[in-house]
Structures are given as C-alpha cells and as structure tokens.
1. Determine, yes or no, whether residue 316 is over 30 Å from residue 377 (Cα atoms), open to solvent by 60 Å² or more (accessible area, probe 1.4 Å) and basic (Lys, Arg).
2. Just one of (1) closer than 22 Å to residue 350 by Cα; (2) surrounded by fewer than 18 Cβ atoms within 10 Å (Cβ to Cβ); (3) among the hydroxyl-bearing types (Ser, Thr, Tyr) trips up residue 404, so point out which.
3. For residue 332, all conditions in the list (1) open to solvent by 50 Å² or more (accessible area, probe 1.4 Å); (2) over 27 Å from the mean Cα position of the chain (by Cα); (3) not polar (S, T, N, Q) hold save one; what is the number of the exception?
4. Would you mind finding the one in 372, 311 that is modelled with pLDDT under 95 and not aliphatic (A, V, I, L, M)?
5. Would you pick out the residues in segment 118-140 that are touching a residue at least 40 places away in the same chain (Cβ under 8 Å) and either open to solvent by 50 Å² or more (accessible area, probe 1.4 Å) or more than 11 Å from residue 96 (Cα to Cα) (or both)?
6. Which of (1) under 23 Å from residue 266 (Cα atoms); (2) touching a Phe, Trp or Tyr at 6+ places or on another chain (Cβ under 9 Å); (3) open to solvent by 30 Å² or more (accessible area, probe 1.4 Å) does residue 356 not meet, given it meets every other one?
7. Out of curiosity, is residue 38 part of a helix (DSSP H, G or I) and under 19 Å from residue 77 (Cβ atoms)?
8. Among the residues of segment 8-29, which ones are more than 14 Å from residue 63 (Cβ to Cβ) and small (Gly, Ala, Ser)?
Amino acid sequence: MISKTYTKESILFICEYVREQLINGNYDTAKVFVSNLEEKLKEGLLEERFFIASTIAKFYRKTNNYDKSGNYSRQAIHLSKDIHKEHIEMIIDTYLDYASLEREYGQLQAARIELAKLLAFLDSNDYQDSYAYGVIFSNLGKIALEDQNIESGLTQLEKGYTYYTRAVPKTHPIVLNVIETLCDIYIQAEQYNKALKLQQEVLAEYNKLEDKVFEIRTLLKIGEIYFFIDLKEARKIITKAIKWMDDTYKYKEEYLDIAKAVLMLAELDENMGNLPRSINYYKKALKELQQFYKDDHFMIVYVYSKIGTLSIKTFKLNQAKEYLKEGLSRSIQFPKIRQQFLYALGKIYSAEKAYDKALIAFQEFLQGLDQSGRKKSLAYGNALQSIAFNYLVQEKLEQAFQHYQEALTIYEGLSNCKEEKGFTLIRLAYCYENIQVKELKKAEEYYEKGFKLIEKVRNPELLEEASAGIIDFFKRNNNPKKRKIYEDKIVKLQTNREK
C-alpha cells in the first residue's frame, strides 16, 4: 500500500513494481497498487503524476479496459510535455502503449497519429536511439499493412529494419520478426530476390555464430522462397537442410523441423507432378508428425487429406479410401478440410457402386456448404450432379431428374461453368426422353442446348461424348436430317484432332 508520506523515488519504485507484475501476468497483485495509485494521481508533483498515469494506463490496457487505458494514456502524454527529459524512455513507452491500444481496437488512424507525435517529440529532443526508431517505424509499417496500404507498409518496415540493425544483431528476435513480415510482402509482390537477400544475410550471421540449428531453420526458409522461383533448386536446398539435421539434431523437440522439411519435399513433388514420390513423403511426414501432435491436430488431418486425394489421382482407390476415412474421423473441428474428405469419399463410394454411402457423404458435404453460405456455388452444383448421376445409373430417373434440375438452377446463377451446365442439360435431356411420361420435344431442346455449350468449351473428349449422345437420340427417334448434322460435326471434330 502507498503511505500518505512518500517521495518521488518511492512512487517510481511502486510504478516499476506494478509494471513488473504486469509483465509476469500478476494482474491481481498489480490491481491492489493501482487502486492506490489512482488516488495519488490527484496529488503530488508533475513527475510523480506522469509516472502514475502512465503505469495505470498500462494496467488497464493489459486488463482490456479501452476507455480507462485511453484516458490515463492521454493524461500521461499531456503531463510528459513538461517533465524532465531524463525520463524520455518512459515517455516513449507511454506513447507506444497508447498507439498499441488504439491499434488493438482498430483505431488505426489514431495509432498512426500518436506514433507521428512521438517521432516529432524525439526529433525535437535530438534523440538518437536507433532501437526506439526501429520500434516506431516497424509499428507504423504494420499499421499501414492492416490498413491495406502495402506500399507505405513496406517503406516503413524497411526503415524499421534499418534502424533495428544499427542497434541489435540481425538474429535478434525483434529483427527476425520484421524480416518475416518483409519477406511475406516481398513474396506477395513477387520481389523474391529481396526476400532471399534478407534470409541469406541471416544465414550468414548464424554461420558466424556457429549456431547450426538456426542456420538449418533459415536454410528451410530460403527453400520456401525458392518454391516461387525454382522448384528444383528448392528441392536441392531442403534436401541439404535435412542432411544437416540428421548430422546435427540431438533433442526430440528439434526433430519437428525434420517433419516439416519432409512435408515441404512432399509439396514440392506434388507441384512438380511426381505424385507417387509425393505420397511417400507425405506418409513419412505423417509418421514424424504423429510423434509430436495428437491425432486430431490440424497438421495430422491435413496430411491425411493430401495422401487421400493424391491417391485418387494415382488410381489407388483402396489406399485413398483408407486415409480419407481416417482423416474424416479426425476432422470435426476443421469444417473446411472436412468438406474435402466428404466429397472425395463420395466420389470413391460412387466408383465402388456403394451408392447409399456415397449419398450420405454428398449430403453432409451439401449441408456443410449450406451452413457456410455457399449454397449457390460451383461445388454445390457439382455435388448435386454427382448424386443425380448415381441415381441415373441405378435407373432411378425421377430422383436423378430432380437433382439435375437443382444443379442446373445453381449453374444458371454462375458464370464460367459452361461445361458443367452443358453436361447437365444433356443428362436432363436423357431423363426427359426416358421418364415414364416421355417429353421428346423437351429432350431434343435440352440435347441441342447442352451440345452448343459444350461446343464452346473446346473439350474434345466431352464434345465427342455429347455428339455420340445426341446422334443416338436422333437415331432412336427417326430424325435422319438432324442426325446427319451432328454426324458431320463429329467427323469434322475427328479430322481437326488428327491434324
């Protein structure tokens, strides 16, 4: 508790003690002193009142009281104008705290103004601490990025980086944080050489320090940047990093890096089209990750989805089903990735003619799209069409017709889905031709509409299939004139393909 008789030194000591408690998360302990400090704010000399207001503002920011923290911050900043500049570090801290408060609550312009005031204050006092300027400019950069001003954000962060490196090594955590942000922006802007230069400078620093673990981790980051430049070079770098890991790592927690590096190799081979090797790396990464994460961790679920979907592409359907089912059982808390499992399993069950299981998977998939506000999407239409096709091959034409109609309604509300719409029209035409009460005029109309759309897509295989379907229709219904038109079209198509 604060006694009635106190000195500037005792007030400063108490304020420092409260700040220590806040750093350690002891908010209840700090609160006891803050209550008394608030009473003392009305008394005392200017400097003590500044210490108190600044400390109370920090307490209320840490305890998420925006109004009180803002009020005390403004009081402290007002008082700071007339106090001795030997307390300049606390003045800087007060401005930075207030700017951070405004930024946390989305008041980006207010945060920017406070940092600009702080810069003016430091310039007027000829303050030369590079670290402080690094903090200010890096914060200005992050505010600009949050305000979608990429160009300004990049400029301010580059200034922050320059100031920081005058004060601390490039391997200092706060500098590495700025480097990570800068690299992300450079990659987005396709300025890959700038991102590489930063990481290579860090790599050189770790090499001088003989810190092999962090040298390896930086090498992996360089490998990630090469994903966007040269996949073969990326593969070479990551393979080198893994070899270094095998020779260097001693502790179990370090081996998570190996799992992540193997995962990167899997992604590289996937992008390079070497799917069998990619699957093998994903399997290896899964075994490594399972040593660190629970079965329902996102990374585990993600790798299951990769192995499952890539196994479909390599026609290993039994393996695909095994991994997709395992992944699905772990994916409850990841609705987006769960959708991938459901759709892929629906396709596999359809191929196996396990139509009841396929229907359950597709229906849950549709429900997920509906819940996420994506009912009017291409994915929704495609799932409806898959359900419809399953009914069609089971000769359940009424159910097939209903789902094709629903799919067509979805496609008609979308752009850039001529192929899907054309294919659905042709399927509907087949239904009109074969339902109990035949509607041959409607069937003819839909066959021709569908064919015209598919003709515009320029997919030779699909167009050939559509041509065969429409020719058979006119043959069955004794219309030689139109049959001849489409026979000529398919001959022309085949001739063009041979050329």
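1. The answer is no for residue 316.
2. (2)
3. Only one criterion in (1) open to solvent by 50 Å² or more (accessible area, probe 1.4 Å); (2) over 27 Å from the mean Cα position of the chain (by Cα); (3) not polar (S, T, N, Q) is unmet by residue 332, namely (2).
4. Just a single option satisfies the conditions, and that option is 372.
5. The answer is 125, 134, 138.
6. (1)
7. In short, yes.
8. 10
The values are calculated or read from the model by the stated rules, or taken from the named source; none is laboratory data. Just so it is clear, the structure is predicted and the values come from calculations on it, not from any experiment. When we count neighbours, we look across all protein chains shown, and the Cβ atoms used for this are built from the backbone with ideal geometry, even at glycine. Only protein heavy atoms, including side chains, enter the accessible area calculation; ligands, DNA and RNA are left aside. Shrake-Rupley method; radii C 1.70, N 1.55, O 1.52, S 1.80 Å.
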